[in-house]
Amino acid sequence: MINITFYDTHNANSGERVAGTTVQVETGQSLMTAAVNAGIDAIAADCGGTLTCATCHVIVRPAWADKLPPITEEESNMLDFAASPRQGNSRLSCQIELTPELNDMEVDLPLSQY
């Protein structure tokens, strides 16, 4: 089991420190699946992880972004359709396989998936 923390930073006032939601999850599954199973409402996952939508968009915190495999062209193209503005460390959570190396990873949730 590893820990992943999701931050809903768009609900915070400027400068306010936001408490994240930390969930314990099994490795070997996607971040999207783990989020949905943990009840993280901000991950819509409309396509179920088939890389045909962008409703599992997350912003991976910089300390963790370099620990992920490089983004594929297909994922990058799909992120262009994300409802919230794409950032340099935006990823689709369906494309992030959870490994022991990602223990304690932190991700920010976008303002909206629609």
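The values are calculated or read from the model by the stated rules, or taken from the named source; none is laboratory data. Because the structure is a prediction, the values reported are computed rather than measured. A quick note on method: Cβ atoms are made from the backbone with ideal geometry, for glycine too, and the neighbour counts reach across all protein chains shown.
On the basis of being more than 12 Å from the chain's Cα centre (by Cα) and among the acidic types (Asp, Glu), does GLU74 make the cut? Show your work before the answer.
On the way: more than 12 Å from the chain's Cα centre (by Cα): yes; among the acidic types (Asp, Glu): yes.
Yes; evaluated as a whole, the condition is true for this residue.
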Please verify whether THR5 is hydroxyl-bearing (Ser, Thr, Tyr) and at pLDDT below 95, treating the condition exactly as stated.
no
Would you mind finding the one in THR27, THR52 that is assigned to a loop (DSSP other than H, G, I, E, B) and exposed (fewer than 14 other Cβ atoms within 10 Å of the Cβ)?
THR52
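Among the candidates GLU106, GLU97, GLU26, single out the residue that is under 19 Å from MET1 (Cβ atoms) and within 10 Å of the chain's Cα centre (by Cα). Give the steps one after another, and end with the answer.
Values: GLU97 fails: within 10 Å of the chain's Cα centre (by Cα); GLU26 fails: within 10 Å of the chain's Cα centre (by Cα).
On inspection, the qualifying residue turns out to be GLU106.
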Can you run down the residue pairs with Cβ atoms below 7 Å, 6 or more apart or on separate chains, where the first is in the stretch 18-42 and free of Cβ contacts under 8 Å to residues at least 40 places away in the same chain and within 17 Å of ARG61 (Cα to Cα) and the partner is in a helix (DSSP H, G or I) and not acidic (Asp, Glu)?
VAL18/THR9; VAL23/ALA34
Does VAL36 fit the bill of being touching a strand residue (DSSP E or B) at 6+ places or on another chain (Cβ under 7 Å) and either surrounded by 12 or more Cβ atoms within 10 Å (Cβ to Cβ) or aromatic (Phe, Trp, Tyr) (or both)?
no
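Restricting attention to the stretch 68-114, which residues are β-branched (Val, Ile, Thr) and crowded, with 20+ Cβ neighbours inside 10 Å? It would help to see each step written out before you state the result.
Restricting attention to the stretch 68-114, the residues satisfying the condition of being β-branched (Val, Ile, Thr) are 71-72, 96, 99, 107.
ILE96, VAL107 - these are the residues of the stretch 68-114 that are β-branched (Val, Ile, Thr) and crowded, with 20+ Cβ neighbours inside 10 Å.
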Just name the residue that is nearest to LEU31 (Cα to Cα) out of those in the stretch 85-113 that are modelled with pLDDT of 95 or more and among the hydroxyl-bearing types (Ser, Thr, Tyr).
SER93
